[in-house]
1. Considering every residue within the stretch 193-212, establish whether at least one is surrounded by fewer than 21 Cβ atoms within 10 Å (Cβ to Cβ), basic (K, R), at pLDDT below 85 and assigned to a helix (DSSP H, G or I).
2. Keeping to the stretch 130-157, report how many residues are open to solvent by 10 Å² or more (accessible area, probe 1.4 Å) and of a type in the set (S, T, N, Q).
3. For G29, which of the numbered conditions (1) touching a Gly at 6+ places or on another chain (Cβ under 9 Å); (2) on the phi > 0 side of the Ramachandran plot fails to hold?
4. Looking only at the stretch 120-177, count how many residues are more than 16 Å from the chain's Cα centre (by Cα), under 19 Å from I108 (Cβ atoms) and among the hydrophobic types (A, V, I, L, M, F, W, C).
5. Take the stretch 1-16 and flag every residue that is without any contact (Cβ under 8 Å) to a residue 60 or more places away in the chain and either of a type in the set (S, T, N, Q) or buried (at least 21 other Cβ atoms within 10 Å of the Cβ) (or both).
6. Considering only residues that are assigned to a strand (DSSP E or B) and not polar (S, T, N, Q), which ones fall in the stretch 134-173?
7. Of all residues in the stretch 75-113, count the ones that are crowded, with 20+ Cβ neighbours inside 10 Å, assigned to a loop (DSSP other than H, G, I, E, B) and among the β-branched types (V, I, T).
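The values are calculated or read from the model by the stated rules, or taken from the named source; none is laboratory data. Because the structure is predicted, anything quoted here is derived from the model rather than measured. Cβ placement follows ideal geometry from the backbone for every residue including glycine, while neighbour counts extend to all protein chains displayed. The accessibility values were calculated without ligands, DNA or RNA, using every heavy atom of the protein model including side chains. Shrake-Rupley method; radii C 1.70, N 1.55, O 1.52, S 1.80 Å.
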Amino acid sequence: MVIPGELVERFATGNGSLFVDAGLSVGAGLPSWTELLAPLEKELDAVLGPVGYTGIAPYYEVAFSRRALIDKLRSQLRRQKLEPTDVHRALLALPPRRIFTTNFDNLIESAAHTAGVVCDRVLRNEHLSLIDESRLQVVKVHGDLDALETVVLTTDDYRDFISSRGGIADLLKVELQIKTVLFLGYSFNDQDLGVVLAQVSREGAVLPIPDTFGAPTCLARGAT
């Protein structure tokens, strides 16, 4: 693969960021989103009957509670000890100043720790005032399963994302406008990022680049 010269230059000058989604975590042995929801769907079928793919998380929350939904996902994601892949390690070598991710796992943080890279997790709006540009920031757009109030899973969560965590959304909007953002393992069907991308579509461009790691890949070029 020939890496675009613009991409190399932007990261080399500290003007590149990453957006990482489930495609990279699957390579480490984690289930895909469909596989993650399959056990929940079976439980729901026994209680409510078929609810459709998009209804699995919200109906499970109603039927069994929010805590049960989070605990079920946490148990699946942490049922085995996972190690970051070569791709995770390669991404840190770029090096990015900021990594956005919708993943619930801690593979990026683990890879950073192994590489001796100091990183901060950004989960809530109040974390934004503590950002230190000399350190790597891992911005968990969908939250973290150990911080229940930050988790984005259901239709209501997506609807409330902008109002409850607007600072995180604004950070991503600004990043897309002024930085070159490389998307890896990401599907543009994600609702919350779709809203943000629509809001900045007139400010920048999203350009396809070759698929390097067997997962959807694209390049968002900032306005500068």
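1. Within the stretch 193-212, not a single residue is surrounded by fewer than 21 Cβ atoms within 10 Å (Cβ to Cβ), basic (K, R), at pLDDT below 85 and assigned to a helix (DSSP H, G or I).
2. Residues in the stretch 130-157 being open to solvent by 10 Å² or more (accessible area, probe 1.4 Å) and of a type in the set (S, T, N, Q): 2 in total.
3. For G29, the failing item is (1).
4. 3
5. T13
6. If the condition is that a residue be assigned to a strand (DSSP E or B) and not polar (S, T, N, Q), then L136, V138, V139, K140, D144, A147 are the ones that fit.
7. Residues that pass the stated criteria total 1.
Rundown of residues vs (1) acidic (D, E); (2) at pLDDT 90 or above, yes/no style:
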{"site": "D71", "(1), (2)": "yes, yes"}
{"site": "S75", "(1), (2)": "no, no"}
{"site": "I99", "(1), (2)": "no, yes"}
{"site": "T102", "(1), (2)": "no, no"}
{"site": "A115", "(1), (2)": "no, yes"}
